[in-house]
Amino acid sequence: MSIPNVISVARIALCPVIAYLALSPDRLHRYAAFAVFVVAALSDVWDGHLARKHGWISDAGKLLDPIADKLLMASAFLPLYFITRRDDGFHELPFWGTLPVWVIAVVFGRELFVTAFRGYAARRGTVIAAGKSGKYKSLVTNFFIGSLLLWYPLFLSATEAGWTHGFWDAWQILHTGFVAVTLAVAVFLTLFSLADYVWRYRSVVAQSR
């Protein structure tokens, strides 16, 4: 197994760790969830760089890498869905409130469709690698997830320490806007990347007729 594929497998192995740490009420566990998520997300950039630099691009890697990306997103996105529904007034999202069910449906509906579409195309001899629109979608979604995974323990730390200075106030305002905007952009790119996949591989769709 090539090094990029090993990295993808390692990213998959980190997914349950992230989910467990994110759902923990312990503040240090939540900081750890953010740190592990960042490492896992950066590993996606690293394995792609290594594959291109050393010519380690393979059909297995083209299938394994996007699967690892989807599992990474699910390992953090689903816990956040339940976290934002905790009845304490602290875990709600700026502007959005709780993470809407329709957002979950759009995000995971797209992932299920693309995964099934990749399998269908592979059976017909076409390997569909992750496209640029899908990568942009993953990037923005990861920024959204990462900002929340960091925010929750950071807010707990600020509350315990009694932070009142202007920098913290400005940070809260910035975070509020960042979370609201990145989630909206992530939803848009989710739908756009789905349409992009279908359009780019419309010849595969035509084969089913």
Notebook entry, point to check: What is the gain in length, in nm to one decimal, between K62 and H29 on full extension, counting 0.36 nm per residue of separation less the C-alpha to C-alpha distance?
Noted result: 8.6 nm
Item checked: Structure-based [θ]222 nm, the chain - -39500 (n - 2.57) summed over DSSP H runs of at least 4, per residue, nearest 500 -> -28500 deg cm²/dmol
Notebook entry, point to check: How do the peptides 132-141, 170-179 rank, highest first, by the average count of neighbouring beta carbon atoms within 10 Å per residue?
Noted result: 132-141, 170-179
Next item on the list: Compute the relative contact order of region 3-207 as a whole-number percentage, counting only Cα pairs closer than 8 Å that sit 6 or more residues apart in sequence.
Entry: 26
Check: By per-residue mean of other Cβ atoms within 10 Å, what is the highest-first order of 158-169, 84-95?
Finding: 84-95, 158-169
Next item on the list: Report the charge-dipole magnitude of region 27-69 in Debye, nearest 20, computed about the Cα centre from +1 at each Lys and Arg Cβ and -1 at each Asp and Glu Cβ.
Entry: 220
Next item on the list: Using Cα positions and a limit of under 16 Å, work out the lysines in reach of K70, with same-chain residues fewer than 8 apart set aside.
Entry: K62, K132, K135, K137
Notebook entry, point to check: When the Cα centres of region 134-159 and region 1-42 are compared, how far apart do they sit, in Å?
Noted result: 14
Next item on the list: Go ahead and set up a Gaussian network model of the chain, Cα springs under 10 Å, then flag whichever of A51, A68, A186 fluctuates most.
Entry: A51
Checklist line | Difference of contour (0.36 nm per residue) and Cα-Cα distance, R86 to V39 | finding: 14.2 nm
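A short reminder: the numbers here are calculations on the coordinates, not readings from a lab. Small disclaimer: the values here were computed from a predicted structure and weren't measured. Glycine gets a Cβ as well: all are built from the backbone with ideal geometry, and neighbour counts include every protein chain shown.
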